[in-house]
Amino acid sequence: MKIVKVLGSGCSKCEKVAQSISAIAAEKKIEIELIKETSPEAMMSYGVMRTPAVVVDEQLVHSGSIPHREDIESWLQ
């Protein structure tokens, strides 16, 4: 199981990223644990300056925009 964190303030873009990741994981039958992280300390610990950001298995894979479907699929494999 992959642990996926969506880092952000809880804005609409952050929510959309979380929903997209959940939907794609369900569609592909991939088990994930999705964590929404809103604390500034957590964002700083990953060096995130722009949100939304995505961390997969403790590795920052994206920040600053809504990721494309292809990117999300590649992270979940």
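Answer yes or no as to whether Val17 is under 14 Å from Lys2 (Cα atoms), out of contact with any Cys (no Cβ under 6 Å at 6 or more places or on another chain), among the β-branched types (Val, Ile, Thr) and not in a loop (DSSP other than H, G, I, E, B). Can you show your working first?
Values: under 14 Å from Lys2 (Cα atoms): no; out of contact with any Cys (no Cβ under 6 Å at 6 or more places or on another chain): yes; among the β-branched types (Val, Ile, Thr): yes; not in a loop (DSSP other than H, G, I, E, B): yes.
Answer is no for this residue.
For the subset of the range 1-28 comprising residues that are out of contact with any Lys or Arg (no Cβ under 9 Å at 6 or more places or on another chain) and polar (S, T, N, Q), which member is surrounded by the most Cβ atoms within 10 Å (Cβ to Cβ)?
First, pick out the residues of the range 1-28 that are out of contact with any Lys or Arg (no Cβ under 9 Å at 6 or more places or on another chain): 1-4, 9, 11-13, 16-17, 19, 21-23, 26-28.
Retained after the next criterion (residues that are polar (S, T, N, Q)): 9, 12, 19, 22.
Values: Ser9: 12, Ser12: 10, Gln19: 12, Ser22: 14.
So, considering only residues that are out of contact with any Lys or Arg (no Cβ under 9 Å at 6 or more places or on another chain) and polar (S, T, N, Q), the one surrounded by the most Cβ atoms within 10 Å (Cβ to Cβ) is Ser22.
Checking the structure you have, find out if any residue of the range 7-14 is touching a strand residue (DSSP E or B) at 6+ places or on another chain (Cβ under 8 Å), part of a helix (DSSP H, G or I) and farther than 15 Å from Gln77 by Cα. Spell out the reasoning first.
Of the residues in the range 7-14, the ones touching a strand residue (DSSP E or B) at 6+ places or on another chain (Cβ under 8 Å) are 7-8, 10, 14.
Checking the rest, the ones that are also part of a helix (DSSP H, G or I) come to 14.
This time we only want the ones that are farther than 15 Å from Gln77 by Cα, so: 14.
The answer is yes; a qualifying residue exists.
We did not get these values from a lab; they are worked out from the coordinates using the rules stated. None of these values were measured; they are calculated from a predicted model. So basically every Cβ, Gly included, is an ideal-geometry build from the backbone, and we count neighbours across all protein chains shown.
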